[in-house]
Amino acid sequence: MVTPPLIELRGVRKRYGGSGGQPEVEVLHGIDLAVHAGEFVAIVGASGSGKSTLMNLLGGLDRPSSGSYFFEGRDVAALDADALAALRRQTFGFVFQGYHLIGSETAGENVELPALYAGLPAEERARRAQALLDQLGLDGKAQLRPHQLSGGQQQRVAIARALMNGGRVLLADEPTGALDSASGAEVMALLHALADRGHTIVLITHDREVAAQARRVVEIRDGCIVADRM
């Protein structure tokens, strides 16, 4: 029996503008994409290709102008604002090039943040954050603030934060872009290890060498998928 995809886009288009005298611009042109649970997929394209817009749609941060997005067979368009927020909170973890850590908070407090919004008790938040930091090679770093950590360590904190509520799907936008080659290699190895544990990884990048390290590469150009290869 064929396993249905975890994520499926059918004919997705995304347009901006078109009101207040502004010209309408279509950024995504009829995207069809299926991602199965446990895949490690890179979406690669140049600046302006539509890859970040696609990531925002996948993570529920934006909605398609037309077409359909299904998650586990459910039409995401049918979800109200609260249900969509719950899907984002419980399912998706986001990792960014700039880490997006809060400078005044410790590493542990940064990792705890998603669970705070989810209403997890303080003791359980702290226990889980410490366990994640230990798993990602940051034992002894929980009380340090971002400026006391290297770039690679900050990105590991960001990944731990993305996993705090489970992180079934990790959406990583240029996660190695601000790192030196050695730190970048460590982050890619970590993403591979998470995929081996069953997490679904969607990596957004402009760097073909980084994309080639994923297990499947989807190339996007001018808002269209032009290649999809294992």
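Look through 68, 52 and report the one residue that is among the small types (Gly, Ala, Ser), in contact with a strand residue (DSSP E or B) (Cβ under 7 Å, 6 or more places away or on another chain) and part of a helix (DSSP H, G or I).
Numbers: 68 fails: part of a helix (DSSP H, G or I).
Answer to the check: 52.
Applying the selection to segment 66-95, what residues are within 28 Å of residue 25 (Cβ to Cβ), touching a Gly at 6+ places or on another chain (Cβ under 9 Å) and either open to solvent by 50 Å² or more (accessible area, probe 1.4 Å) or among the hydroxyl-bearing types (Ser, Thr, Tyr) (or both)?
66, 68, 69, 88
Considering segment 14-60 alone, what residues qualify as being under 20 Å from the mean Cα position of the chain (by Cα) and either more than 19 Å from residue 173 (Cβ to Cβ) or charged (D, E, K, R) (or both)? Working first, answer last.
To start, the set of residues in segment 14-60 that are under 20 Å from the mean Cα position of the chain (by Cα) comprises 14, 27-28, 31-60.
Selection gives 14, 32, 34, 36, 37, 38, 39, 51.
Please name all residue pairs, on different chains or six or more residues apart, with Cβ atoms under 7 Å, provided the first residue is in segment 24-50 and is free of Cβ contacts under 8 Å to residues at least 24 places away in the same chain and the second residue is in a loop (DSSP other than H, G, I, E, B).
From residues that are free of Cβ contacts under 8 Å to residues at least 24 places away in the same chain, the pairs are 24/17; 24/18; 25/17.
Restricting the first residue to segment 180-204 and requiring it to be open to solvent by 30 Å² or more (accessible area, probe 1.4 Å) and modelled with pLDDT of 90 or more, which pairs with a second residue that is not aliphatic (A, V, I, L, M) and not in a helix (DSSP H, G or I) meet a Cβ separation below 7 Å and a spacing of at least six or different chains?
192/40; 198/38; 199/167; 199/168
Per-residue answers, yes or no, for (1) surrounded by fewer than 14 Cβ atoms within 10 Å (Cβ to Cβ); (2) under 20 Å from residue 199 (Cβ atoms); (3) in contact with an Asp or Glu (Cβ under 9 Å, 6 or more places away or on another chain):
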site: 99; (1), (2), (3): no, yes, no
site: 107; (1), (2), (3): no, no, no
site: 110; (1), (2), (3): no, yes, no
site: 117; (1), (2), (3): yes, no, no
site: 123; (1), (2), (3): yes, no, no
site: 152; (1), (2), (3): no, yes, yes
site: 156; (1), (2), (3): no, yes, yes
site: 165; (1), (2), (3): no, yes, no
site: 173; (1), (2), (3): no, yes, no
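Can you say whether residue 18 is closer than 29 Å to residue 157 by Cα and surrounded by fewer than 17 Cβ atoms within 10 Å (Cβ to Cβ), as far as the supplied structure shows? Working first, answer last.
Numbers: closer than 29 Å to residue 157 by Cα: no; surrounded by fewer than 17 Cβ atoms within 10 Å (Cβ to Cβ): yes.
So residue 18 does not fit the description; no.
Condition check: in contact with a Pro (Cβ under 7 Å, 6 or more places away or on another chain) and of a type outside the set (D, E, K, R). Does residue 101 satisfy that? Even if it seems obvious, please write down each step before you answer.
Working: in contact with a Pro (Cβ under 7 Å, 6 or more places away or on another chain): yes; of a type outside the set (D, E, K, R): yes.
Judged against the criteria, residue 101 is a match.
State the number of residues belonging to segment 125-143 that are open to solvent by less than 40 Å² (accessible area, probe 1.4 Å) and under 22 Å from residue 172 (Cβ atoms).
Adding up the residues that qualify gives 6.
Can you tell which of 229, 208, 216 is open to solvent by 50 Å² or more (accessible area, probe 1.4 Å), in contact (Cβ under 8 Å) with a residue 40 or more places away in the chain and of a type outside the set (A, V, I, L, M, F, W, C)?
Numbers: 229 fails: in contact (Cβ under 8 Å) with a residue 40 or more places away in the chain; 216 fails: open to solvent by 50 Å² or more (accessible area, probe 1.4 Å).
Of 229, 208, 216, the one residue that is open to solvent by 50 Å² or more (accessible area, probe 1.4 Å), in contact (Cβ under 8 Å) with a residue 40 or more places away in the chain and of a type outside the set (A, V, I, L, M, F, W, C) is 208.
Quick check on my filter: what residues within segment 55-65 are closer than 25 Å to residue 161 by Cα, assigned to a loop (DSSP other than H, G, I, E, B) and touching a residue at least 24 places away in the same chain (Cβ under 8 Å)? Give the derivation first.
Initially, segment 55-65 is screened for residues closer than 25 Å to residue 161 by Cα, giving 55-63.
Next cut, assigned to a loop (DSSP other than H, G, I, E, B) only: 59-63.
Those that are closer than 25 Å to residue 161 by Cα, assigned to a loop (DSSP other than H, G, I, E, B) and touching a residue at least 24 places away in the same chain (Cβ under 8 Å): 59, 60, 61, 62.
Any residue at all in segment 72-87 that's part of a strand (DSSP E or B), touching a strand residue (DSSP E or B) at 6+ places or on another chain (Cβ under 8 Å) and more than 29 Å from residue 190 (Cβ to Cβ)?
Here is the first cut: in segment 72-87, the residues part of a strand (DSSP E or B) are 74-75.
Remaining after also requiring touching a strand residue (DSSP E or B) at 6+ places or on another chain (Cβ under 8 Å): 75.
Subset that is more than 29 Å from residue 190 (Cβ to Cβ): 75.
For segment 72-87, residues part of a strand (DSSP E or B), touching a strand residue (DSSP E or B) at 6+ places or on another chain (Cβ under 8 Å) and more than 29 Å from residue 190 (Cβ to Cβ): present.
Do you know which of the residues in segment 1-38 that are small (Gly, Ala, Ser) and part of a strand (DSSP E or B) is nearest to residue 49 (Cα to Cα)?
Within segment 1-38, the first condition is being small (Gly, Ala, Ser), and the residues that meet it are 11, 17-21, 30, 34, 37-38.
Narrowing the set further to residues that are part of a strand (DSSP E or B) leaves 11, 30, 34.
Values: 11: 17, 30: 14, 34: 19 Å.
The qualifying residue nearest to residue 49 (Cα to Cα) is 30.
So that you can scan it fast, the table gives a plain yes or no per residue for (1) touching a Leu at 6+ places or on another chain (Cβ under 7 Å); (2) under 21 Å from residue 92 (Cα atoms):
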residue: 115; (1), (2): no, yes
residue: 123; (1), (2): no, no
residue: 131; (1), (2): no, yes
residue: 151; (1), (2): yes, no
residue: 156; (1), (2): yes, yes
residue: 194; (1), (2): yes, yes
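The values are calculated or read from the model by the stated rules, or taken from the named source; none is laboratory data. Quantities reported herein were computed from a predicted structural model and do not represent experimental measurements. Please note: Cβ atoms are built from the backbone with ideal geometry, for glycine as well, and neighbour counts cover all protein chains shown. All accessible areas refer to the heavy atoms of the entire protein, side chains included, with ligands and DNA or RNA removed. Shrake-Rupley method; radii C 1.70, N 1.55, O 1.52, S 1.80 Å.
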